[in-house]
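In what follows, a structure is listed as structure tokens, so that the remarks can point back to it.
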Amino acid sequence: MLGPEHEFSINDENFNPLPISDEIIKKIRRKIANEAVVGRIVVGKELQKHVIELKPAKPFESLSEFEEIMQEGINELLSYLDNYKLLGLGMHPLLKLEDAKVWDHRDRKIYDAYDRLFNIKQHGWLNIQSFQLNIPYSSEKEAVELHNKLRVLLPYLAAVASASPLCEAKPFYVDTRLYFYRINQKEIPLICNDVIPEKMASLREYKKILEQIYEELRKRNAFVLCREWVNSRGVIVRFSRKCLEIKVMDEQECIKSDVALAAFIKAILRAEMEELPREKLIEKINVAMKSGTAELKHELKDLFQRARENADDEERKYLKILKLRIEEGSLGEVILRNMKDISREEIIEICQDLSKCLERNEVYV
């Protein structure tokens, strides 16, 4: 079972981001709401009104179902967009913060609390798009095992999924989204914890950490944020739906690329994982943010080989895309390599290509 969540920006023909997610949801549902159902897909709001979320109405049983139904959802959503363009990536490459609008309907009190505590007028809040993956667990033992494996994988997932090399039309880190994400709640460092969670021996240990976060929030009169989703580390436990949610990956250019990441994760989780000290994992994720796959090639190739050895036939089909990303560079690395002078005109041209990749479900190379 897999539960993906995708975030895409809504744009005009020149890739100016449009803060109209509420209008799109209203067009589908005939009233402003947090979400609307389109076929077998749920279309939902995000903090930023230029970003819209897509997720399945129910978890997927297979990768092929994942690809088919999510692409169907993309196509159906596009039919409501009046020729506006959808764009993946971990950040919008042209967005200026002063042009971003915050969701101002239901749940506004949550965003008001975040703003009071952390000032959401930053790129780690107003310019961020991720591909999140929910993986179910059947027992506490399985939850602990999956959590501890995933925490070791986080730097490598960040590297191969890095797809946010431009910020306000200028090059920054290959994973600029993660750079800003890790510091967007620095006033309470425990919430994000440098993205890397501690190794845990039981769910009781995890709940103690959650309670410490809640205590910090209660001290600041932010009771509305005392929910399991406030934990912003790279992988968290979602008790309400008995799954682990991976939050470290940038949104990719097309559904097929997201499915490839899911195939890699499914396969590698069957392999044995060498434990690494937290300091080493932080060091590696910092490297991944700055340069994507470039300085982690050897380790990524080793992980890929182990994933392939543990993969089923369906997963191997999608792993070919991951092999390409490891050998040729992440989407963010490829984007930078394909640009000559990083002008606004060139960025718009790249965005046009990437938007077509999303519409056609084609991998960008």
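The values are calculated or read from the model by the stated rules, or taken from the named source; none is laboratory data. Values in this document were obtained by computation on a predicted structure and should not be read as measured data. Note: ideal-geometry Cβ built from the backbone for every residue, glycine included; neighbour counts use all protein chains shown. These accessible areas exclude ligands, DNA and RNA; they are computed on the full protein's heavy atoms, side chains included. Shrake-Rupley method; radii C 1.70, N 1.55, O 1.52, S 1.80 Å.
Let me check something: with ligands and nucleic acids excluded, how do 78, 89 order by accessible area (1.4 Å probe), largest to smallest?
The most accessible residue leads, giving 78, 89.
Summing Lys, Arg as +1 and Asp, Glu as -1, what charge do residues with Cβ under 9 Å from the Cβ of residue 41 carry, residue 41 excluded?
0
Using protein chains only and a probe of 1.4 angstrom, how many square angstrom of residue 64 are accessible, to the nearest 10?
Rounded to the nearest 10, the figure is 50 Å².
Given a 1.4 angstrom probe, what's the average accessible area per residue across the chain, in square angstrom?
42
HN-Hα J couplings of segment 15-22 from phi, Karplus 6.51/-1.76/1.60, θ = phi - 60°, integer Hz, Gly and Pro as x?
Coupling constants for segment 15-22: 6, 7, x, 10, x, 10, 4, 5 Hz.
For the chain, give the percent of accessible area contributed by carbon and sulfur heavy atoms, probe 1.4 Å, rounded to a whole number.
47
Using θ = phi - 60° and the Karplus curve 6.51 cos²θ - 1.76 cosθ + 1.60, what whole-Hz ³J(HN,Hα) does each residue of segment 157-166 get, with Gly and Pro shown as x?
Once rounded to whole Hz, the list reads 5, 4, 5, 6, 9, 4, 8, 9, x, 10.
Between segment 160-183 and segment 81-117, what's the alpha-carbon centroid distance in Å?
Result: 17 Å between the Cα centres.
Hey, with R₀ at 41 Å, roughly what FRET efficiency would residue 116 and residue 279 work out to, going by the Cβ-Cβ distance, to 0.05?
Values: r = 33 Å, r/R0 = 0.79.
FRET efficiency, residue 116 to residue 279: 0.80.
If we count every other residue with Cβ under 11 angstrom of residue 261's Cβ, Lys/Arg +1 and Asp/Glu -1, where does the sum land?
0
Mind computing the radius of gyration and Dmax over the alpha-carbon atoms of the chain? Å is fine for both.
Here Rg and the maximum Cα pair distance are 19.1, 53 Å.
Could you tell me what percent of the DSSP beta bridges with both partners in the chain are antiparallel, to the nearest 5?
Working: 34 of 35 bridges.
Percentage antiparallel, nearest 5: 95.
Mind listing the long-range amide H neighbours of residue 130? Cut-off is under 5 Å, sequence gap 5 or more, other chains count too, H placed in the peptide plane at 1.01 Å from N.
Hits under the 5 Å cutoff: 7, 251.
Under the rule of at least 5 residues apart or a separate chain, name every residue whose amide H is placed under 5 Å from the amide H of residue 42.
Answer set, sorted by chain and number: 55, 57.
Please list, ordered by chain and number, the residues whose modelled amide H lies under 5 Å from the amide H of residue 163; skip anything fewer than 5 residues away on the same chain.
Result for residue 163 returns 90, 250, 332.
Tell me, what is the FRET efficiency for residue 27 and residue 339 to the nearest 0.05, using R0 = 45 angstrom and their Cβ-Cβ distance as r?
Values: r = 35 Å, r/R0 = 0.77.
The computed FRET efficiency comes out at 0.80.
Under 12 Å from the Cβ of residue 167, count the other residues' Cβ atoms, weight Lys and Arg +1, Asp and Glu -1, and hand me the total.
Here the charged neighbours net out to +1.
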